[in-house]
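The values are calculated or read from the model by the stated rules, or taken from the named source; none is laboratory data. Since this is a predicted model, take the numbers as computed values, not measurements. So basically every Cβ, Gly included, is an ideal-geometry build from the backbone, and we count neighbours across all protein chains shown. Remember, those area values only see protein heavy atoms, side chains included, never the ligands or the DNA or RNA. Shrake-Rupley method; radii C 1.70, N 1.55, O 1.52, S 1.80 Å.
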Amino acid sequence: QVQLVESGGGLVQAGGSLRLSCAASGWTSSMYAMGWFRQAPGKEREFVAAISRSGGSTDYADSVKGRFTISRDNDKNTANLQMNSLKPEDTAVYYCAASRTSSARTTWEYAFWGQGTQVTVSS
């Protein structure tokens with residue numbers, strides 16, 4: 001059974017950092033590109049970052065470029081999102097997802113999703 005489990009969310013002050021992790025099980029994660037999305041209350045789920053199967057290519061939303069870094073460890077079946085210089089507008093539930101398509105930015109391109117982890121940034 002394919003499963004993605006996020007961890008690492010929490011409450012942080014503006015300007016602080018958090019590192020999210022996504023653990024994959026039930027399949028070989030190197031077969032899939034990985035992405036991170038987020039959803040704030042009352043808003044649609046939006047793309048944050050994506051990384052290719054090998055980890056050699058990354059893509060970021062303009063709103064997080066230069067502050068967030070996506071990475072993966074295929075030996076450990078994990079994907080991570082390092083978030084620095086956090087802002088109150090980064091507050092959302094963050095989801096990791098897996099896609100057959102590299103550099104996918106839309107939710108419908110992702111076949112598997114985690115349950116989400118809450119990130120709250122206080123001002």
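Structure above, values below:
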read-out	value
Rounded D (µm²/s) - the chain, Kirkwood Rh over Cα pairs, Stokes-Einstein at 20 °C, 1.002 mPa s	152 µm²/s
Simple Cβ-charge dipole of the chain, Lys/Arg +1 and Asp/Glu -1, about Cα centre, in debye nearest 20	80 debye
Calculated SAXS-style log₁₀ I(q)/I(0) at q = 0.16 Å⁻¹ - segment 16-62, Debye, Cα scatterers	-0.57
Segment A23-Q3, extension gain: residue separation times 0.36 nm, minus the distance between their alpha carbons	6.4 nm
Candidate residues V121, V2: accessible-area rank, largest first, probe 1.4 Å	V2, V121
Label-point separation, S123 to K76 (7 Å along Cα→Cβ), nm	3.6 nm
3J(HN,Hα) from dihedral phi, segment 55-66, Karplus parametrisation 6.51/-1.76/1.60, rounded to Hz, x for glycine, proline	x, x, 10, 10, 8, 9, 5, 4, 5, 10, 4, x
Choice from T28, T107, T91 with maximal GNM fluctuation in the chain (Cα, 10 Å cutoff)	T28
DSSP-loop GluC sites (Glu not before Pro) across segment 8-109, with at most 12 other Cβ within 10 angstrom	E44
Span from the segment 65-123 Cα centroid across to the segment 15-36 one, whole angstrom	7 Å
Size-normalised alpha-carbon gyration radius of segment 56-122, reference 2.2 N^0.38 Å	1.16
J(HN,Hα) series, segment 90-96, from Karplus relation 6.51 cos²θ - 1.76 cosθ + 1.60, nearest Hz, glycine and proline x	7, 4, 4, 8, 9, 10, 9
Residue among A24, A92, A14 with the largest mean-square fluctuation in a Gaussian network model of the chain, springs linking Cα atoms under 10 Å	A14
